[in-house]
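These notes concern the structure reproduced below.
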Amino acid sequence: MRKNYISILSILLVASINIFWATKSPGNKTGSPGDNGSSCAQGGCHSVPATASGVTISSDVPAGGYLDGSTYTLTLRAEVTGAQAWGFELVAEDDAGDKQGSWIIMDNRTQISTQNLTHNNKIIGNDTLEFSVQWTAPTGNAGDIAFYAAVNAANNNGNNSGDNIRTGSLAITQDASAPSGTFELNLSKLKAYPNPVIDRLYFSETLDSYRLIDLTGREVLSGANTDRALLSELQSGLYLLEMNASGQTEVQRLFVR
C-alpha cells in the first residue's frame with residue numbers, strides 16, 4: 001500500500017511540475033556558459049540529451065557589429081519533425097557569462113523572466129516554431145555578445161517523456177568604429193525614432209534644424225522646422241544625427257537599414 005501511495009504521489013508530482021513549467025521555463029536552462037551549460041535536458045526536467053541542431057537564431061545586427069543602446073530584431077526558428085507543442089528560453093550574454101541588454105516583446109506567446117525570454121504558455125504547433133523579439137543593446141563597453149536558446153520540441157502528451165531538447169546560438173560583435181568629428185552626446189529630451197530606421201524618421205518634437213552626418217564627416221541630409229525626415233534615398237549604414245531645438249542640441253547615433 002505504501003509503495004502504491006509513493007507511486008501515485010510521484011506521478012502527481014511529475015504532472016504538477018510539467019503543468020507549471022508549461023507556463024514558462026524554470027530559468028537558467030539555455031545551455032549557455034552563464035547557465036553552466038544546463039538546458040531543459042538537465043536538472044530532472046527531461047530525460048533526453050540536448051542536441052545542438054534544429055534551432056537557428058538570426059538578427060538584423062549589421063556585419064560591423066551592434067551599437068550601444070540600439071534596438072535590433074532577433075528571430076528564433078526551430079524545426080523538429082513530430083513536435084506538437086513548444087517551450088523555449090533565450091538569453092543574451094557577454095564573454096563572462098553575464099546577461100546583457102533588454103528584451104522588447106513582439107509576440108504574445110512570449111514573456112520576460114529573470115532577464116531571459118521564455119514562453120508564457122506551451123506553444124501549440126506542428127514541426128516548426130518561429131517568433132521574433134527585439135533586443136536593445138547595453139551601453140558601455142560590453143564587448144562581444146552571444147545569444148543562446150534551448151527549445152523543447154514536445155509531443156504534448158502531458159508529461160516529460162518523448163520530448164526533444166534542441167539548442168542553438170548566435171554570436172555578434174560590438175561596433176568598434178569611431179565616427180569622425182567633434183560631436184558630443186548629451187542627455188537632452190530630443191529623441192529620434194525608430195532606430196534602426198528604414199525610411200521615415202520621427203523626432204520627439206519639432207526641430208529648429210537637423211543634420212545627418214556619415215562616418216566620413218560629410219553632411220548627407222539636413223532640414224528645418226520639422227518633426228520628421230525621409231531617409232529612403234540614403235544608403236544603409238551608421239550615421240550621426242544632430243538635432244537642434246529651443247537652444248538644445250542632441251547628437252544621436254542612427255542606423256539606417
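With each label modelled as a point 7 angstrom along the Cα→C-beta vector, the T114-E130 pair spans 3.1 nm. With a cap of 15 neighbouring Cβ atoms within 10 Å, and only residues DSSP puts in a loop, list the GluC sites (Glu not before Pro) found in the stretch 186-257. Counting only loop positions with at most 15 other Cβ atoms within 10 Å, the GluC sites (Glu not before Pro) in the stretch 186-257 are E233.
When the inverse distances between all different Cα atoms of the stretch 192-256 are averaged and flipped, the Kirkwood radius reads 11.6 angstrom.
Straight-distance candidates among the aspartates and glutamates for linking to K191, with alpha-carbon spacing under 12 Å and chain neighbours fewer than 8 residues away dropped: E205, D227, E242, E250.
Residue separation times 0.36 nm, minus the C-alpha to C-alpha distance between L215 and S102: what's the value?
Details: separation 113, 0.36 × 113 = 40.68 nm, distance 2.72 nm.
Length gained between L215 and S102: 38.0 nm.
In the stretch 69-109, the C-alpha radius of gyration followed by the widest Cα-Cα span (Dmax) gives 13.5, 40 angstrom.
Peptides 74-80, 57-63 ranked from most to least packed, by the mean per-residue count of other Cβ atoms within 10 Å: 74-80, 57-63.
Each value in this text was obtained by applying a stated rule to the coordinates, not by laboratory testing. Just so you know, these numbers come straight off a predicted model, no measurement behind them. Glycine also receives a Cβ, built like all others from the backbone with ideal geometry; neighbour counts cover every protein chain displayed.
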